[in-house]
Amino acid sequence: MFVFWDYILTSSIRTLFWGFLRKLQGLCPGLYSLRYANFINKLRSQAAMTHILAVNPNELVNRAADQLKKQSLVEPTEWAKFVKTGHHKDRRPDSQDWWYHRSAAILRTVARLGPVGTQKLRSKYGGKKNRGHKPGKFYPASGSVIRKILQQLEKAELIRQTEKGVHKGRILTPKGISLLDKIAMQILKEARQQ
């Protein structure tokens with residue numbers, strides 16, 4: 001019984017505290033946002049891979065794709081120039097470097113969501129197919145493309161397979177974290193200089 005009342009009291013105190021913070025934000029928003037930002041930055045500094053998630057994802061993926069191409073960590077398969085990225089697409093990708101961009105995007109997704117498997121990535125990169133007069137329907141992305149990219153990233157020792165409880169999938173290795181973190185730090189430094 002004591003535990004129940006203790007929970008009720010702590011939840012009501014928590015509600016009062018958040019109400020107080022909302023009022024403080026209304027009275028002087030600069031002070032509130034400064035203290036809140038310091039609190040969030042303190043939490044972020046304690047978490048792993050904060051720089052990877054703190055920068056613009058498009059910039060990070062573009063630069064990571066350039067690094068993957070420059071270091072020859074992944075290579076497009078011979079059938080990559082003929083294939084669509086999924087059943088929901090009408091045409092194949094326009095860019096010649098789409099394999100590197102998809103690899104970098106998958107690398108960032110593994111960093112953000114890991115452990116992650118092929119099916120989850122198929123759902124993430126899938127989309128709605130235009131079926132004419134029938135309603136649009138969601139189709140997952142190509143599993144073969146995602147599987148080959150994951151295998152190449154694993155061969156380059158940027159990701160590895162793991163089990164975390166009931167979840168099986170791939171996570172970043174220290175080498176993969178280092179690659180993305182260096183790119184993110186460059187982006188942050190350039191943003192601070194501007």
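Going highest first, how would you order 183-194, 112-123, 127-138 by mean Cβ packing within 10 Å?
Values: 183-194: 12.8, 112-123: 16.9, 127-138: 10.2.
By packing density, highest mean first, the sequence is 112-123, 183-194, 127-138.
Looking at region 39-180, I'd like the Rg to Rh ratio, where Rg is from alpha-carbon atoms and Rh is Kirkwood's inverse mean 1/r.
Details: Rg = 16.2 Å, Rh = 16.2 Å.
A ratio of 1.00.
Is the shape of region 63-109 best called rounded, prolate or oblate, per the rule: a/c under 1.5 gives rounded, else a/b larger than b/c gives prolate, else oblate, with a ≥ b ≥ c the square roots of the Cα gyration tensor eigenvalues? Before the final figure, lay out the partial values.
Numbers: a/c = 2.33, a/b = 1.61, b/c = 1.45.
Prolate, since a/c reaches 1.5 and a/b exceeds b/c.
Any number yet on Rg/Rh for region 78-134, C-alpha, Kirkwood? List each step's numbers first, then the result.
Values: Rg = 13.1 Å, Rh = 12.9 Å.
A ratio of 1.02.
What are the extents of the Cα atoms of region 123-194 along their three principal axes, listed from largest to smallest and rounded to whole Å?
51, 39, 24
Since every read-out is calculated from the coordinates, none of them should be taken as a lab result. Quantities reported herein were computed from a predicted structural model and do not represent experimental measurements. All Cβ positions, even for glycine, are placed from backbone atoms using ideal geometry, and neighbour counts span all protein chains on display.
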